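For reference, the structure discussed in these notes is given below.
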Amino acid sequence: MKHIISARQFDRPQVERVLADAALMEAVLQGSPSDRLRGRVMAALFFEPSTRTRLSFETAMLRLGGSVISTENAREFSSAIKGESLEDTIAVVSGYADVIVLRHHEIGAAARAASISRVPVLSAGDGAGEHPTQALLDLYSILAEVGRLDDITVVLVGDLLYGRTVHSLLVLLALFSNVRVICCSPEQTPLPQDLADYAVQRGVQITCEQDLGRAVAEADVVYQTRVQKERFEDVEAYRAAASRYVIDAAILAKMKAGAALLHPLPRAGEIAVEVDRDPRAAYFRQSHRGVPLRMALLDNVLQDGLRPLTGRRPISVDATATARPGVIG
Ligand code: NCD
């Protein structure tokens, strides 16, 4: 049984295989409806708000012929409000479904759930901890937009302290060669030191830059993030952090021609709407890639070994080039 609870559980070949399978799933999406996961049930247990992650997981399951049971706002509308522990909820739901997608407000919740569950648990974010499936989707987008994962400079902007997508992304970037990361964060939300140490030990070159314009001029990828309002106790500190780095037309003008601007979304003012028209603004394309990427993950944890993807081969650096229509039934 395979759980996905942290980006740290992946090695490079595993990441490359997920990305190659996601490319194959793009072909499935274009073909006739698939029944690869017919008869399988995915439970989506979301204790925190979500639009993209929940709906793309649900879409992914439905596109593969499976079914979905779902608790949105589980903090209020599940038995959690009656005092049920996460462990008890998982013990029950893992008797109903074949896979559980869990978003929870506490760091470590996904690991706790996995230790109880009889079925695979896929983390959809645990508090300010990690968001591994988003990070896989982010890598998939970098590959699609920039064409490579080695030899890149990535500028991480915004909330590097509470932003769980950044935490998982940095861990995955550390699997690749010659990766340079420039951190551009308000003083209230720096990158946690243990995470910086983890990446540096694995060869990532990390620097900090206060001047966003100077940072983005170096970038192949600019990864903007929302300051995580819900994790702040001090409203003034939130306001100061949130207004610090905004990407507008003037900042965009400093980016390289072939660079990509990513954001896990939702945005809350940190990318001006005027930027959307620029071809480098890749965040909506990025959000759409959540479906094939999560199809690949669900297929991997539920079906792998039963009816393997045909046409699978080790990833080439350009994963999207491996997509061959019609190879998956
Ligand atoms: C992110 C999250 O929930 O961590 N959203 C997402 O899953 N795409 C980012 C955020 O909420 O700012």
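The phi torsions of the range 244-254, fed into the Karplus equation with coefficients 6.51, -1.76 and 1.60 and a -60° offset, translate into couplings of 5, 10, 10, 9, 10, 4, 5, 5, 4, 4, 8 Hz, rounded to whole numbers, with Gly and Pro shown as x.
Answer rounded, prolate or oblate for the range 1-55, using the Cα gyration tensor with square roots of eigenvalues a ≥ b ≥ c: rounded when a/c is under 1.5, else prolate when a/b is larger than b/c, else oblate. Verdict is oblate for the range 1-55.
Sum up the charges of everything whose Cβ sits under 15 Å from the Cβ of His104, counting Lys and Arg as +1 and Asp and Glu as -1, but leave His104 out.
-4
For Asp211 and Tyr198, the difference between the fully extended length at 0.36 nm per residue and the C-alpha to C-alpha distance is 2.2 nm. Only Cα pairs under 8 Å and 6+ residues apart enter the sum, and on that basis the relative contact order of the range 1-142 stands at 29 percent. Contact order for the chain, expressed relative to its length and based on alpha carbon pairs under 8 Å spaced 6+ residues apart, stands at 24 percent. Using the Cβ-Cβ distance between Ala240 and Arg285 with R0 = 25 Å, the FRET efficiency computed as 1/(1 + (r/R0)^6) comes to roughly 0.20. Accessible surface of the chain, 1.4 Å probe: 50 percent of it comes from carbon and sulfur atoms. Which loop-located trypsin sites (Lys or Arg not before Pro) does the range 72-135 contain, where loop means any DSSP state but H, G, I, E or B and the Cβ has at most 16 other Cβ atoms within 10 Å? The qualifying sites are Arg118. Kirkwood's formula applied to the C-alpha pairs of the chain gives a hydrodynamic radius of 20.1 angstrom. Once the 1.4 Å probe is applied to the protein heavy atoms, the chain comes out at 42 Å² accessible per residue. Placing +1 on each Lys and Arg Cβ and -1 on each Asp and Glu Cβ, with no other charges, gives the chain a dipole about its Cα centre of roughly 1000 debye. Ranking Val200, Val41 from most to least accessible surface, computed with a 1.4 Å probe over the protein chains only, gives Val200, Val41. Less than 5 angstrom separates the built amide H of Val101 from those of Ala43, Ala44, Leu45, Leu122, all sequence-distant by 5 or more or on a different chain. In loop segments of the range 168-237 as defined by DSSP, the GluC sites (Glu not before Pro) with at most 15 further C-beta atoms inside 10 Å of their C-beta are Glu187, Glu233.
The values are calculated or read from the model by the stated rules, or taken from the named source; none is laboratory data. Not measured: the values here are computed from a predicted model. Please note: Cβ atoms are built from the backbone with ideal geometry, for glycine as well, and neighbour counts cover all protein chains shown. Just the protein is used for accessible areas: all its heavy atoms, side chains included, with ligands, DNA and RNA removed. Shrake-Rupley method; radii C 1.70, N 1.55, O 1.52, S 1.80 Å.
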